[in-house]
Structures are given as C-alpha cells and as structure tokens.
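Step one of this worksheet: look at the structure below.
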Amino acid sequence: MDHTDLYIDGTWRPGSEGERFDVINPADETVLASVASATTADADAALDAAARAFGPWAARTPRERAEILRKAFELMSARRDEFARLITLENGKAGADARGEATYAAEFFRWFSEEAVRADGLVSRAPASGARILVQHKPAGIAVLVTPWNYPAAMGTRKIAPALAAGCPVVIKPASETPLTMLALMPLLEEAGVPPGVVNVLPSRRTGAIVDRMLHDPRVRVVSFTGSTGVGRTLLRSAADQVLKPAMELGGNAPLLVLHDADIDTAVEGAMLAKMRNLGEACTAANRFYVHESVAEAFTARFTEKMAALKVGDGLDPQVDVGPLVNADTRDKVAAFVDDAVSKGATVRLGGRRPDGKGYFYPPTVLTDVPDDAECLRDEIFGPVAAIQTFSDEEDAIRRANDTEYGLVAYVFTEDMKRGLGVCERLEYGMVGLNRGLVSDPAAPFGGVKQSGLGREGGHEGMLEFMESQYVSAAW
C-alpha cells in the first residue's frame, strides 16, 4: 500500500482537512490501509489541475496519446499479478477472478490506443445549397468518473482509457471500499507518460458532496458513472443542471433462458460463468434462471453439482474459487434475499446458510421453485445465488424476462440459431449472450436500455462518449 493519499496534478497529498478512512479486507475484516478522504476543496483543486491540463492534452496528436495508452497496457500487463493481489485484498474476489480482471482492465488501454487514431470525421456536400459539410469530433472537456467497488481496476480503465484517447482530462472518484487499486495505477500512468493533471484520483467518504460539487462546476462537461440505478438517477438530476453529457452504466437484473433444445453441458458452463464470475457481484450476473420444463431437472442437477464443487475461502488461497462478498451489508442483503424466497416457498438445493466466523462469506446457493413474488427476482442479488424457475411456453419466458425496469444483459441457450436470434431480438436488453455466459469485451459497446443506463462503454462508441461533434458549413 505505497500510496494512500489523494492524487492531484501529478502529486500525492493529504486531504485538505486531514481526514482518513479505513479500507477493510473482506476475508478477515482486518484494516488494510488508511486512505485520505477528499473534501470539496480537494475536488476544486483537482478540477483546477484538470483545467490546466486540458488544452495541452487535447492538442497532443492522436498518435501521441495512443502511444501513451499502449505503454500503459504493456506496463499493466507486466504487473498483472501485483494488481490481482491488491484487487483480492480490498475486494475479496478469488485469485483467478482477480487475474482475469487485471488482464481485462489492461486491455482497455490497448483497445483505446488503437481507437485514439480513429476519430474519423466526415466531408460531404449539402444537397440543396451545395455548401460543404465538415464534421469533426472534438474532446468534450473535463470528465468526472465515478467507479464502483466490484471491479476496482477494470471499471476505472474502461473510463480512463477512452477519455484520454479522446483528449479529455479526468477526475476519478473510486468506491470507498476499494480505492487502493486505482491509486496504485497512478504511478504506472506516470511511467507511461500521462502528464500531471490529466488524471486525478479523489478517494473520499464524502462521495455525494464532492461529486455534486464537481457536477456543478462549469468546467466539467462529462459525467461517467457505473453503479446502481438509484444513484444513477440522482447523478442525472445533478447533471441536468449543467446539461452535462452523461454515460451511465446502471443496474441489471439479467435473465438466463435455457430453451428446450439447448445443449445442457453448454448451458451449464455458460450459466456458471454468467452467475459466478466475480462471485455474482456484477451487473451482468445472471439473476433469474428460466429453464424449459423438459430439461429443467437435468440442467438443475448438473448446475448444482458444479456449484457444490466450488471451494469457498480467502481469495489469496490459490485453491479457492469463491471469496468473500465485499462487505457485511452486501452479505446480509444476499442472505435476506434467500430467506425471503424460502419463506415464500422456494426450495434450497444447495447452500442458503451464512457461515460463522470472520469474513463476509456466503456459500454458492441454488434455489428452485422460486415464487414470482420473491424479492430476488425483482432486484439484483449481487451474490452467489441462482434463482431457478421453469417454463413451458417460449413466449411466456420472453415476457417474464422482459418484465423488469432493467435492460442491461440477457443470456439465451439453444442449439437452433434461427430460434436463438429471434429470441434475442425480442428481448429488451442492450446486450445478449447467445450460448455464451460472458458478454464483456473492450472491443464491444457495453451498455443497457430502459433503466440500466445511457450510452456505451467499450468499442468505438466508448470514445465518442467523451467527444462532441462539430459541424462546419463551408463554401469555397
């Protein structure tokens, strides 16, 4: 834990009021580090630094910015295991998950190093007047990035990389549970060549106050947030005061449909990945399982067997598959979902009981016969619990899958690709995994519809979230 202060204008400094807060290891509830807590005055200082850095950074050629991002990718890839260990310490996830996240996080630097040189514009001729239409994409300005605790590295790099590729400086507010990974990234970015003021990090226990302060500063032009829909709504209200450009990746309630003709082994493997990647602490995690009645018992038996084989423990143990949840509140919420479902008639096929002892652990759990009024079907579980229902009619399964305010991701398993693509088109989701339990990819536009968010991260679209289109009407 070499760096535990604020990172502003390329320097480490304490908070302006000297406050600090503890970061807890969720595996044993010990204190990992004491971290500086930013104030609104610190937020002002970070914006001052970003404002000074904006002009020179935006003036860099796309190739110069691209080479810096490429260097960041190489450095982070070389230090993957160091970042993975830190992720496990502050987040709790198992080592394999943490290494996967560190690899995924680094890939955003590589992808957007390639996109930085592809902000293509347009030259055309107006049909009526004959004037030339010139369209170019320009950096929007300072971006405020608010990141969650479930992916301490990847949710930061997924925002930092496109912003820097576009020419925008950033101020990052990492989650209070997991600020250490983002702070550890700053020396790496310095080594890669990122100038002072282009990236600033403000850990704080005063999240609401400092983010609101920044969203009402006229120099800020973009807000990018990953987190719950409830908090996203609050930030959108604040962003409206200055008509900021929002990029919101919000909550999910992902359905997973296993159709009658699905390959059971493929469906089980996909379901394990969709449910247990990151211990279920992901907005993309499969939340509601709809399995055709003709294959329900075969699927459930094999899936439960796979879940039962997972070892629970400290994520630093290389034999462990399932680490602790991030904090006591998250664990208790997961336990409450299970208790509610059972009280309403659900059957516990596996797990369902919180273990004694230190650490925020909850075992892999499989519930069947889950009633429609169970709370775990209406809200994100954010833990290792699979709630299984059956269906007999495909259209009914699609209707139930769409019966939510969320629309981030869905999963479909079938051996008939024509049927599968037809189901995908009828699902009201921004992303669908068809015979796959994983949709996240730096090269793809990640995001949802309905109340799961606005805009896209990743792909070419991810960089455009930090740019504005300028149209010039020219005659010559």
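Listing for the model above:
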| item | result |
| --- | --- |
| Share of Cα-Cα pairs in the stretch 36-172 lying beyond 17 Å, as whole percent | 67 |
| Relative contact order [Cα under 8 Å, 6+ residues apart], the chain, whole percent | 19 |
| Accessible-area order (highest first, 1.4 angstrom probe) of the listed residues 260, 3 | 260, 3 |
| Per residue value of the accessible surface for the stretch 387-476 (all protein chains in place, 1.4 Å probe), Å² | 45 |
| Average accessible surface area per residue within the stretch 222-355, 1.4 Å rolling probe, Å² | 38 |
| Rg/Rh ratio calculated on Cα atoms of the stretch 211-359 (Kirkwood radius) | 1.07 |
| Hz values of 3J(HN,Hα) by residue in the stretch 362-375 - Karplus curve (6.51, -1.76, 1.60), Gly and Pro given as x | 8, x, x, 10, 10, 10, 10, 6, 6, x, 4, 8, 5, 5 |
| Calculated P(r) of the chain - Cα pairs past 27 Å, % | 56 |
| Where 457, 293 fall by accessible area, highest first, once all protein chains stay in place (1.4 Å) | 293, 457 |
| ³J(HN,Hα) computed for each position of the stretch 421-433 - Karplus, 6.51 cos²θ - 1.76 cosθ + 1.60, integer Hz, glycine/proline x | 5, x, 5, 4, 5, 8, 8, 8, 9, x, 9, 9, x |
| Exposure rank, largest accessible area first [344, 245; 1.4 Å] | 344, 245 |
| FRET efficiency, 1/(1 + (r/R0)^6) with R0 51 Å, evaluated for residue 34 and residue 419 via beta carbons | 0.35 |
| Cross-link table 71/173; 358/450; 173/306; 138/173; 333/418; 159/311, entries beyond 28 Å C-alpha to C-alpha | 358/450; 173/306; 333/418; 159/311 |
| The chain - percent of accessible surface contributed by carbon and sulfur, probe 1.4 Å | 50 |
| Where N is the number of residues in the stretch 143-257, Cα Rg divided by 2.2 N^0.38 Å | 1.05 |
| Among 75-82, 416-423, the order from most to least packed when residues are scored by Cβ within 10 Å on average | 75-82, 416-423 |
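The values are calculated or read from the model by the stated rules, or taken from the named source; none is laboratory data. None of the values given here were measured: they were computed from a predicted structure. Heads up, the Cβs are rebuilt from the backbone with ideal geometry, glycines too, and the neighbour counts pull from every protein chain shown. Heavy atoms of the whole protein, side chains included, go into the accessibility calculation; ligands, DNA and RNA do not. Shrake-Rupley method; radii C 1.70, N 1.55, O 1.52, S 1.80 Å.
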